[in-house]
Protein chains: 2
Amino acid sequence: MPHYIGIDLGGTNIKTGVIDETGKLLAKASTPTRAAEGSKVVVDVMAKAAHDIAQQAGLDISKVNGIGIGSPGPIDFAKGIVLDTPNLPGFRNAPLRDMIADATGRPAVLENDANAAAFGEFWAGAAKDTAIQSIAMLTLGTGVGSGIIIDGEILHGSAGLGGEGGHMILVPNGRLCGCGQRGCLEAYTSASHTARRATEAVADTGQKSSLPRNTDLTSEMVFEHAEQGDALALRIVNETAEYLGIACINLCRLLDPQMIVFAGGMIHAGDFLFDKINAAFRKHAWTVAEDHVAIAPASLGNDAGLIGAGAVAADADRKGRL
Amino acid sequence: MPHYIGIDLGGTNIKTGVIDETGKLLAKASTPTRAAEGSKVVVDVMAKAAHDIAQQAGLDISKVNGIGIGSPGPIDFAKGIVLDTPNLPGFRNAPLRDMIADATGRPAVLENDANAAAFGEFWAGAAKDTAIQSIAMLTLGTGVGSGIIIDGEILHGSAGLGGEGGHMILVPNGRLCGCGQRGCLEAYTSASHTARRATEAVADTGQKSSLPRNTDLTSEMVFEHAEQGDALALRIVNETAEYLGIACINLCRLLDPQMIVFAGGMIHAGDFLFDKINAAFRKHAWTVAEDHVAIAPASLGNDAGLIGAGAVAADADRKGRL
């Protein structure tokens, strides 16, 4: 059976894994990125990590069929070039695909990290049922990462800027988002913005709350107090779910996917969050036709990125593109 | 050169045309739908219209390579079935593709009418440059029709409900849309809703306006008075453009198309409208990457639907799917 290496390139750590073509994870590891030392060092670290993880899986790297790389930043997919990555100095216009292929002797494919994570859930996670061919994923973290897969293909967009669901504008002239827009989905529903909305509400309001004042709250604290019945925390969580439900409607109207997958730390709230998202979706949805989309939690956790990177290589190999 | 018939099935009229494979329109005609007489009569009218238009183009119908049908309502694309059409009694679950193929002896393909119109602009209209392979189209009429084409393929969605950009929610709990949702793009920017917002503003406000009171305004009147400098009419037009600019941002974030095409009667306002849409798009867009999308008026006018229906047949033929 063919095997693939997935590399999830982060600003802090490089995660690697070996998967078989079904997406089964045979080995995984993590090593510091050493981003500050520049792109040449980082590429050496990635190549060594690829060799090491192959060995850990009991394979010589020459027996690995291909390597998938999930990288931050906008990417020129046709050329395999990282156009820009704010957290990785020296990677502007770096031909990372070919650098890794040259350093390992194996064919490589370069993908955006959020797309790779979505592809991981599609290939081996929440949407692994082969009857599911179209999904959208939203990862609720510091920002709201996003990946869209239609008919089994990652939607890159004409300039590599598609699949950025976190930056749909839901509230014209609304809250300022880190991307420079106002009213983005991210500015209401990321873990960071959910926490920030709670911090602001606690500071601004005369309303009583069990949440502490004069501190930067976390989304975990907000969910914990909401589950314990604090009215202010509950309102913040309900608003997050409301915007996520509306985001699901917009994804359905434009893309009509079979499944919308939510990932990121906030999904640990489980049914407490998903029941609210589903309720908001049903409350706001149109009446002209019934939506059959499934709204589901991701199942691969932090492994989605490295499994997905490997799966992108497996998919490219299967389609004769590797 | 191969030839194709396009049939644009409307509640009032059936429009037909003959195109060559480049999308050049060789003949066109229109005939009453006779919708009230039921689906069997309508199919007979369509088949006769197909024969007649072939003859008008100097072709025997047996020499026509295929027939494309643009039909209202949700469609089962795999089976060629019209699932429901509120304006055409008797068409619920009608196997229209095969009915037309049987009645004409030519292979047929069934498409949603808004998608067909978008495909017409893609194949032979505003986006006919073959370097353009991904577009979104919004038609500003009674509603806001929409079609999305990615990498040369119409985006149908998993249940045939994709590409409904008019029903993106832009304003949570906003204006009621005919689809049952609140705050849809359509509820702010269709020609009808633009006129209605003006009618409401004239009635509700103490503000002076050159627009007549106590009458149902049209979007033409609103644009005319706005161009003449009436402040209220100008505010309504600016709001319409503002929401359309934000809609373009959302289309870019999710789909990153090369071109967004606007169609429908309101585009006759020309640069007066398009300058405002472009300004709103630029004002609200993110700063993390530059958008290269072109925002352009449709060029086929009322022929987009029948040319597009024919082009859908030509495309299916070219791809071996007819």
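Can you report the number of residues in segment B:53-85 which are without any contact (Cβ under 8 Å) to a residue 60 or more places away in the chain and more than 26 Å from B:GLY157 (Cβ to Cβ)? Total meeting the criteria: 10. Only one entry of B:ALA195, B:ALA203, B:ALA226, B:ALA231 meets the criterion of being surrounded by 22 or more Cβ atoms within 10 Å (Cβ to Cβ) and among the aliphatic types (A, V, I, L, M), and that entry is B:ALA226. A:VAL41 meets all of the listed conditions (1) aliphatic (A, V, I, L, M); (2) part of a strand (DSSP E or B); (3) free of Cβ contacts under 8 Å to residues at least 40 places away in the same chain but one, namely (2).
Among the residues of segment B:148-159, the ones that are of a type outside the set (Val, Ile, Thr) and facing chain A (nearest Cβ under 8 Å) come to 5 in all. Just one of (1) surrounded by fewer than 22 Cβ atoms within 10 Å (Cβ to Cβ); (2) in contact with a Gly (Cβ under 8 Å, 6 or more places away or on another chain); (3) among the small types (Gly, Ala, Ser) fails for B:ALA280. It is (1).
Under 7 Å by Cβ, and 6 or more places apart or on different chains, what pairs join a residue from segment B:100-113 that is of a type outside the set (D, E, K, R) with one that is at pLDDT below 95? These pairs meet every condition: B:PRO107/B:LEU322; B:VAL109/B:LEU322; B:LEU110/B:ILE75; B:ASN112/B:ILE75. Confirm whether A:ASP275 is surrounded by fewer than 24 Cβ atoms within 10 Å (Cβ to Cβ), among the charged types (D, E, K, R) and farther than 29 Å from B:ASN115 by Cβ. Yes: the conditions hold for A:ASP275.
Sub-6 Å Cβ pairs linking a first residue in segment B:257-286 that is within 21 Å of B:ALA127 (Cα to Cα) to a second residue that is aromatic (Phe, Trp, Tyr) and part of a helix (DSSP H, G or I), at least 6 apart or interchain, are B:ALA269/B:PHE223, ordered by first then second residue.
Report yes if some residue within segment B:225-248 is of a type outside the set (Asp, Glu), under 24 Å from A:HIS167 (Cβ atoms) and in contact with a strand residue (DSSP E or B) (Cβ under 6 Å, 6 or more places away or on another chain); otherwise report no. Yes, some residue in segment B:225-248 is of a type outside the set (Asp, Glu), under 24 Å from A:HIS167 (Cβ atoms) and in contact with a strand residue (DSSP E or B) (Cβ under 6 Å, 6 or more places away or on another chain). Among the residues examined, B:ALA78 qualifies as aliphatic (A, V, I, L, M) and surrounded by fewer than 20 Cβ atoms within 10 Å (Cβ to Cβ). A:PHE91 meets the conditions (1) touching a residue at least 40 places away in the same chain (Cβ under 8 Å); (2) out of contact with any strand residue (DSSP E or B) (no Cβ under 6 Å at 6 or more places or on another chain) in every case but one. The failed one is (2). A single entry from B:GLY160, B:GLY125, B:GLY166, B:GLY143 fulfils the requirement of being of a type in the set (Gly, Ala, Ser) and touching a Phe, Trp or Tyr at 6+ places or on another chain (Cβ under 7 Å): B:GLY160. Hey, can you tell me all the residues within segment B:141-171 that are closer than 17 Å to B:GLY245 by Cα, β-branched (Val, Ile, Thr) and part of a loop (DSSP other than H, G, I, E, B)? Result: B:VAL171, single match. Which pairs turn up if I take residues in segment A:241-253 that are among the hydroxyl-bearing types (Ser, Thr, Tyr) and look for partners that are in a helix (DSSP H, G or I) and crowded, with 24+ Cβ neighbours inside 10 Å with beta carbon separation below 6 Å, at least 6 apart in sequence or on another chain? Listed pairs, sorted by first residue: A:TYR243/A:TYR188; A:TYR243/A:THR189.
All told, B:SER219 meets the bar of being among the hydroxyl-bearing types (Ser, Thr, Tyr), surrounded by 22 or more Cβ atoms within 10 Å (Cβ to Cβ) and either at pLDDT below 95 or more than 30 Å from A:MET137 (Cα to Cα) (or both).
Residue-by-condition table, conditions (1) within 14 Å of another protein chain (Cβ to nearest Cβ); (2) free of Cβ contacts under 8 Å to residues at least 24 places away in the same chain:
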residue: A:ASN87; (1), (2): yes, no
residue: A:LEU96; (1), (2): no, no
residue: A:ASP129; (1), (2): yes, yes
residue: A:SER146; (1), (2): yes, no
residue: A:LEU161; (1), (2): yes, no
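Looking at the structure I just gave you, is B:GLY145 in contact with a helix residue (DSSP H, G or I) (Cβ under 8 Å, 6 or more places away or on another chain), buried (at least 19 other Cβ atoms within 10 Å of the Cβ) and either of a type in the set (D, E, K, R) or within 19 Å of B:VAL312 (Cβ to Cβ) (or both)? Answer is yes for this residue. Residues of segment B:122-137 that are over 16 Å from B:CYS248 (Cβ atoms), crowded, with 24+ Cβ neighbours inside 10 Å and not small (Gly, Ala, Ser): B:PHE122, B:TRP123.
Of all the numbered requirements in (1) farther than 19 Å from B:MET168 by Cα; (2) aliphatic (A, V, I, L, M); (3) facing another protein chain (nearest Cβ under 7 Å); (4) crowded, with 24+ Cβ neighbours inside 10 Å, A:LEU140 misses one, and that requirement is (3). Please work out if A:LEU176 is within 14 Å of chain B (Cβ to nearest Cβ), in contact (Cβ under 8 Å) with a residue 40 or more places away in the chain, of a type in the set (A, V, I, L, M, F, W, C) and at negative phi. Considered against the rule, which asks whether it is within 14 Å of chain B (Cβ to nearest Cβ), in contact (Cβ under 8 Å) with a residue 40 or more places away in the chain, of a type in the set (A, V, I, L, M, F, W, C) and at negative phi, A:LEU176 comes out as no.
The values are calculated or read from the model by the stated rules, or taken from the named source; none is laboratory data. Remember, it's a predicted structure, so these values are computed and weren't measured experimentally. Neighbour counts are summed over all protein chains in view; Cβ atoms, including those assigned to glycine, are modelled from backbone coordinates with ideal geometry.
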